Amino acid sequence: MSPSTPSAVVTGASTGIGHACTTLLAEKGWHVFAGVRKDADGERLSAELGDSVTPVLIDVTKPETVESAAKQVREALAGHTLRGLVNNAGVAVAGPMLNIPIEEFEYQMNVNVTGVVRVTQAFGPLLGSDEDLAGEPGRIVMMSSVAGEMGAPFLGPYAASKHAVEGLSKSLRRELMVFGIDVIVLGPGAIATPIWEKAEDIDPEPYKTTAFYDGLLRIRDYMTKTGPEGFPPSKVADRVFRALSDTNPRFRYAIVPQRLMNWSLPRILPEKMVNNIMAKRLGLLRR
């Protein structure tokens, strides 16, 4: 890999948005260190994209894999900075907040929040906090969600994790100014990726005796329908590329299908009205 070739680490690169980001960056002349959890996924990416991709084993919940990947990338860069880190790996846990098993909530936060911190700390030196490296400071792209700004019934764990990403990104951005490292947040709405294809696997049965059962059935049906109808992952990948390459990227990009109804109006209307609309759709208004 030539020192003049820009390079990026993308976590969760095997499918969905991560795969689309890896593909687009490779097409644009970047070298991508593609974070995957399985050797087979890395072999598939290498066969698909060739020498533009180096698979690295990263499970964001396992510090030893993150540290090993950072060491591998440092050796490959041979004294030069990493130009981009795309914190994309994530999961979505569903359930009513009053009843969801706490271990499921903890798993959600471990992947989507603590995992992001693990990866950022491991690769931060390569992005430029290690000032002995040659090259320009890099940028960090944080994958948030529209839920991180607006919340969503029965997606409380996921919304909490993405709201945390929003907050830590703002803090991190201000801290890393001392090194010239920028932090950009992407907030997608419905994107046609496997994370939402799993919506039909949401099991409402443990909550059958609660007041939330009918609402869970409705939101499962809604997610199963709207997920595949969302933007293609390539739409997000395009914004990731812009965030990494534009001279003056925005602090945050909202990538939301049917933007007026799903983003603009809910942010303008009184929150009480938005709450009532959502509750009525899900059968959650008090009788």
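The values are calculated or read from the model by the stated rules, or taken from the named source; none is laboratory data. Nothing here was measured: the structure is a model prediction, and the numbers come from that model. A quick note on method: Cβ atoms are made from the backbone with ideal geometry, for glycine too, and the neighbour counts reach across all protein chains shown.
Give the stretch 106-128 a look and list any residue that's surrounded by fewer than 18 Cβ atoms within 10 Å (Cβ to Cβ) and farther than 26 Å from T5 by Cα, or say none.
E106, Y107, M109, N110, T114, V117
Which is more than 19 Å from the chain's Cα centre (by Cα) and aliphatic (A, V, I, L, M), of A13, A47?
Residue meeting the stated conditions: A47.
Give the residues of the stretch 218-261 that are of a type in the set (G, A, S) and at pLDDT 95 or above, sorted by residue number.
Listed by number, the residues that qualify are A237, A243, S245.
What are the residue pairs meeting all of these: first residue in the stretch 160-173, first residue over 10 Å from I184 (Cα atoms), second residue at pLDDT 95 or above and assigned to a helix (DSSP H, G or I), Cβ atoms under 6 Å, and 6 or more apart or on different chains?
What qualifies is S161/Q108; S161/M109; S161/N112; S161/V113; A164/V113.
For the stretch 65-75, what are the residues that are buried (at least 17 other Cβ atoms within 10 Å of the Cβ) and either part of a loop (DSSP other than H, G, I, E, B) or not aliphatic (A, V, I, L, M) (or both)?
T65, R74
May I ask you to verify whether A20 is modelled with pLDDT of 95 or more and out of contact with any strand residue (DSSP E or B) (no Cβ under 6 Å at 6 or more places or on another chain)?
Yes; evaluated as a whole, the condition is true for this residue.
Restricting the search to the stretch 147-181, which residues are charged (D, E, K, R), surrounded by fewer than 20 Cβ atoms within 10 Å (Cβ to Cβ) and modelled with pLDDT of 95 or more?
Scanning the stretch 147-181 gives E166, K170, R173, R174, E175.
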